[in-house]
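A short worksheet on the structure shown next.
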Amino acid sequence: MPIGVDSCRSGSLGLEVGAETRFPGAQGGPFGSAARFCLPSRAGLECKSRPIAPISLLRSLFLGSAVSLFGEESLPFDSSRFSGVARVFPLPDLVLFPHIVQPLHVFESRYREMAEEAVAGDGLIAMATLSPGWEHDYESRPPVETFGCLGRIVTHHRFEDGRYNLLLLGLRRVRFGAEIDPPRSFRRARVELIDDLEPTLASCDCKALRDRVTWALKQNLPHGEPPEMLQTALDEALPLGVLCDLAAYTLPIARSERQRLLGEADVLQRTERLLSLIETGPAAAESPLAAGSSPYPPRFSKN
């Protein structure tokens, strides 16, 4: 049975763009605002006044590695120790993928409670996408899509008034199951972890497919040439599934198609579907990169 989301005030759907946005992060550096993203550089801390877009953490980040930013303990995920129950953060317009870092500004009371519990505990939050039609039943519990992404908070900042800024690293695809009843004010559900079904050497030429996806990604970026951070990721020999997830999050693909790609565990089928979407013309929709004059670093999404 699909799960939904408790009602919340109109206007709290999304992240509060323009809010003062701070993270302890690397070297104690803050975000100065929702449009400023700070990462370590050789000279200390470099701040880019740019909209925020996805970060692939498999190999490296903009000016430093994921390990140097967040610590080695932030990246591994031991599925054998996962309880199978996750906090659920439903949004109407965000589809998170594994290996992507999503900034979140949490200001509604129920999600503050969720963030507080996550920060004090295992740091895990499952991002869910509200199904179409949620607007008509928002004060109740509109359903979410079947598939989501389990993420871990890699750094956070708590404001004096209880608001939180989070950086959430996508870890694994999940299938939502039965919802866990309150007492919490936020949603919780049983989730099933979904492993990628990797193609065999006999089933495909993975290098050729990686080359096609990389070329298609570079050709279809909303702002033309890939910025330095994305180019660094593309220069690495990323696994085919990770590369497809990066492309699916980055390119101007309709939310429904992005959701379909998230739900596809078979890497070969996911790749073929992605290439079909790109090569026949992306569905009309903005990617997370489309707003603003530059796609990097990643922008805040509305919750």
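The values are calculated or read from the model by the stated rules, or taken from the named source; none is laboratory data. In this text the structure is predicted, and so the values were computed from the model without any measurement. Counting neighbours? That spans all protein chains shown, and the Cβs are built from the backbone with ideal geometry, glycine included.
Just one residue in the set Arg141, Arg173, Arg163 is of a type outside the set (A, V, I, L, M) and at pLDDT below 90; that residue is Arg141. Scanning the range 242-281 for residues that are surrounded by 17 or more Cβ atoms within 10 Å (Cβ to Cβ) and in a loop (DSSP other than H, G, I, E, B) yields Leu251, Pro252, Ile253, Glu264.
State yes or no: is Glu145 closer than 22 Å to Glu257 by Cα and either among the charged types (D, E, K, R) or in contact with a Ser or Thr (Cβ under 9 Å, 6 or more places away or on another chain) (or both)? Taking the combined requirement at face value, the residue satisfies it. Taking the residues in the range 223-241 that are surrounded by fewer than 16 Cβ atoms within 10 Å (Cβ to Cβ) and in a helix (DSSP H, G or I) as candidates, determine which candidate is modelled with the lowest pLDDT. Result: Glu228.
It is to be established whether one or more residues within the range 164-177 are buried (at least 23 other Cβ atoms within 10 Å of the Cβ) and not in a strand (DSSP E or B). No: zero hits.
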